[in-house]
Amino acid sequence: MRMIFIGPPGAGKGTQAARLVERYAIPHISTGDMFRAAVKAGTPMGKAAAECMNKGELVGDDIVIGMVRERIAQDDAKDGFLLDGFPRTVPQAEALKSALVTDGLSLDAVLLLEVPDQLIVDRITGRRSDPETGAIYHLTFSPPPAEVADRLVHRKDDTEEACRSRLDAYHSQTAPLVPFYEAEGLLKRVDGVGKPDDVTGRIVTVLG
Ligand code: ADP
Ligand code: ADP
């Protein structure tokens, strides 16, 4: 199964992806996680990406496309993957399509997780993640257990200001992927409002 997840920042893609990759036994490929690892490691790519990320802007297509091409060519992604946070622009979607076509492959589904803008700021500003396990929490909606609370991190770009820029980037640069994948007959819309378990149920239903 080759799937991609699109949706505004904070829609719940990471939360749902962690559940889906277990269910479908495919690797979770998050470009945001890959960039954060590069920033932490201080690589040249990480340094270039950090500036865009902190402002809530997208990293350049060439950098992202190269990174994803390398990642999906790895052994564990041979039989499928769940791409989370990629593609985010039409040129990225076109590059993914041509990389797959070259290998005689294609996507099986594009999940669009829909959450209205007015719910996004609360989801983003309350997000905390566990650097040891990768688990995603929310101070109000998914409170962390007391024993991990001290080590949780608040992403630098999870401020209200950066969140607004990320939403603008989503609407102007990523939303055009909706008609792109609709035309390909791949788009599956999922309502992302409600309890995470209910959202997972909706995704499993649309995937059949
Ligand atoms: P979100 O929680 O907004 O969905 P991610 O963790 O997916 O965020 O991404 C964090 C940041 O990493 C983005 O705001 C952007 O700067 C950068 N980034 C991640 N994926 C991409 C991509 N496909 N294209 C460009 N920039 C990206
Ligand atoms: P994304 O990967 O799309 O940026 P996340 O999965 O990191 O989104 O979720 C963003 C924040 O919203 C996290 O703090 C997460 O705990 C919370 N969250 C995820 N799903 C839901 C939901 N269905 N209802 C309320 N909060 C949610």
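The values are calculated or read from the model by the stated rules, or taken from the named source; none is laboratory data. Predicted model only: the values in this text are computed from it and were never measured. Using ideal geometry, Cβ is built from the backbone for each residue, glycine included, and neighbour counts are taken over all protein chains shown.
Here ARG127, ARG166, ARG189 are screened, and the one residue that is touching a strand residue (DSSP E or B) at 6+ places or on another chain (Cβ under 9 Å), basic (Lys, Arg), surrounded by 17 or more Cβ atoms within 10 Å (Cβ to Cβ) and modelled with pLDDT of 95 or more is ARG127. Among the candidates LEU82, LEU100, LEU107, LEU96, the residue that is within 16 Å of ligand 2 (Cβ to nearest atom), more than 19 Å from ASP157 (Cβ to Cβ) and either modelled with pLDDT of 95 or more or surrounded by fewer than 16 Cβ atoms within 10 Å (Cβ to Cβ) (or both) is uniquely LEU82. Of all the residues in segment 151-208, those that are within 10 Å of ligand 2 (Cβ to nearest atom), without any contact (Cβ under 8 Å) to a residue 40 or more places away in the chain and in a helix (DSSP H, G or I) number 2.
For GLY14, the criteria (1) closer than 23 Å to VAL206 by Cα; (2) outside any helix (DSSP H, G or I); (3) within 16 Å of ligand 2 (Cβ to nearest atom) hold in every case but one, which is (2). Of the residues making up segment 135-169, those that are out of contact with any helix residue (DSSP H, G or I) (no Cβ under 9 Å at 6 or more places or on another chain) and closer than 20 Å to GLY7 by Cβ are ASP168, ALA169.
Give the number of residues within segment 47-64 that are part of a helix (DSSP H, G or I) and either within 7 Å of ligand 1 (Cβ to nearest atom) or within 30 Å of MET1 (Cβ to Cβ) (or both).
7
When you look at ASP75, is it away from ligand 1 (no atom under 11 Å from the Cβ), modelled with pLDDT under 95, more than 19 Å from VAL206 (Cβ to Cβ) and not hydroxyl-bearing (Ser, Thr, Tyr), yes or no? When the stated conditions are applied, ASP75 does not pass them.
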